[in-house]
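Structure record follows, encoded as structure tokens.
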Amino acid sequence: MKNGNIKILLNEKYMTTFFKSRLANFFPGAKKIISLEIQRLPALAKTSYLIVYKLNLLFKNNKKEKIILRGNRGSQEVYQIIKHFNKLSITPKVFYYFRDLNFILYREFPGQILRDFEKKEKVLRRCLPQIAECLVKIHGFSTSFVPQKTFEMEKEYLKQLKIKISKNAPLIKNQVSTIFNKIQFYQKALFNRKKFTITHGDFQPSNILYNPKRKKINIIDFQNFCFFNPTADVANFLVHLVTMLNPHHSPQKIVNLKSIFLKEYLKKVKPKIALTVIRELELHRARAALDIIAVTVVSIKNSQNPWRKFLPKLLIDMAQKDLKNFENKFEKGLDKISQASLKNVKLVCLKRIKL
């Protein structure tokens, strides 16, 4: 595809020809495309280009089947990492990569995002251990093509968050500034690539699909994946989980649900990663809280959800408490935690976590 025009992917004639030429490879046993429906979906991110392809196929046994594929922008590296995770059954199956368009085609996973189950405690209790196991697999992956996050990149990222919040929510500017300064100070002191792993980069309920019938989890949206501190993924999920559950569940239930995820993760992840997470969890939760605030203060003006108006205050309170706990731990000496043998570190972790 030499023209590089992504709009060609919305052309029914072009895409029908494309699927016909790969019919046997994509759909073994299929002999004919009866119809093709193409729909572009709205996306929050400007870089996204979401397209759904609904194919009606006729197979050699004369049976008809409707198959749904999705596509989105993604780099060669994102395509490769999703393809790898296909082998671990934690991502939707990828079909094809349009190299000139940076567009990934994959089979739609029949499920709903985790946020759709925010009121269903039983469902959450069932799928949270699976989500933890998926994150363990991501953090256990090793490859050379993953971009590495430097301290300067992280510093610039935090700076842009601070600017966004100050611009859109001047009333909390001073509180946010204090929190940011503390986060940056401690991150600089603890920044160490030796403890980094592959990270998802945006591990949260909207990027987790759950199929209640199959009782299966899939992870999507690896656009921000990089080599970074695994604590960032764990913390981001936990903070998003709180914002998702807070309007519907008691504080104790929320603590219990967070505990299910965290204990399963620490039980199955490598001891050295568990040690990193317990040492820095509060710091990265404070970072994740401000990340969500930056998104919330931009969208809050047009939101019809009254809960979102209280979200910045909740997140600031969470960040302040987490930083206070982290500072106390830091002053006592984080190295004391590492004196525990790796064999017992997970037990130590579970006892020291403040949810």
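The values are calculated or read from the model by the stated rules, or taken from the named source; none is laboratory data. From a predicted model like this one, the values you see are computed outputs, not experimental measurements. Here the Cβ positions follow ideal geometry from the backbone for every residue, glycine too, while neighbour counts run over all protein chains shown.
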- Checking R22 against (1) without any contact (Cβ under 8 Å) to a residue 12 or more places away in the chain; (2) surrounded by fewer than 17 Cβ atoms within 10 Å (Cβ to Cβ), the condition it does not meet: (1)
- Query: Taking segment 232-254 as the search range and keeping residues that are more than 20 Å from K313 (Cβ to Cβ) and more than 13 Å from the chain's Cα centre (by Cα), which one is surrounded by the fewest Cβ atoms within 10 Å (Cβ to Cβ)?
  - Reply: Q252
- Would segment 291-309 turn up any residue that is touching a residue at least 12 places away in the same chain (Cβ under 8 Å), closer than 30 Å to G140 by Cα and basic (K, R)? no
- Look at segment 80-98 and say how many of its residues are without any contact (Cβ under 8 Å) to a residue 60 or more places away in the chain and either touching a Pro at 6+ places or on another chain (Cβ under 9 Å) or over 20 Å from F27 (Cα atoms) (or both). 3
- Message: Please go through (1) touching a Ser or Thr at 6+ places or on another chain (Cβ under 9 Å); (2) among the acidic types (D, E); (3) surrounded by fewer than 21 Cβ atoms within 10 Å (Cβ to Cβ) for E264 and return the number of the only condition it doesn't satisfy.
- Response: (1)
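Sort through Q184, Q223, Q175 and tell me the only one that's touching a strand residue (DSSP E or B) at 6+ places or on another chain (Cβ under 9 Å) and either of a type outside the set (G, A, S) or buried (at least 16 other Cβ atoms within 10 Å of the Cβ) (or both).
Selected residue: Q223, the only one of Q184, Q223, Q175 that is touching a strand residue (DSSP E or B) at 6+ places or on another chain (Cβ under 9 Å) and either of a type outside the set (G, A, S) or buried (at least 16 other Cβ atoms within 10 Å of the Cβ) (or both).
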- Which members of segment 181-212 meet the condition of being without any contact (Cβ under 8 Å) to a residue 60 or more places away in the chain and over 18 Å from F330 (Cα atoms)? R193, K194, F196, G201, D202, Q204
- Query: Within segment 140-154, can one find any residue that is assigned to a helix (DSSP H, G or I) and either in contact with a helix residue (DSSP H, G or I) (Cβ under 6 Å, 6 or more places away or on another chain) or at positive phi (or both)?
  - Reply: no
- Out of (1) assigned by TED's automatic domain parsing to the domain that holds I34; (2) aliphatic (A, V, I, L, M); (3) modelled with pLDDT under 90, the odd one out for L69 is which? (3)
- Message: Need the failing condition index for Q148 against (1) at pLDDT 95 or above; (2) surrounded by fewer than 18 Cβ atoms within 10 Å (Cβ to Cβ), just the number.
- Response: (1)
- Message: Looking only at segment 71-124, filter to residues that are under 30 Å from K253 (Cα atoms) and touching a Ser or Thr at 6+ places or on another chain (Cβ under 9 Å); which one of those is surrounded by the most Cβ atoms within 10 Å (Cβ to Cβ)?
- Response: L114
- Within segment 41-100, strands (runs of 3 or more DSSP E) holding 3 or more residues that are within 19 Å of the chain's Cα centre (by Cα): 64-73
- Candidates F261, F326 - the one that is at pLDDT 75 or above and within 22 Å of P205 (Cα to Cα): F261
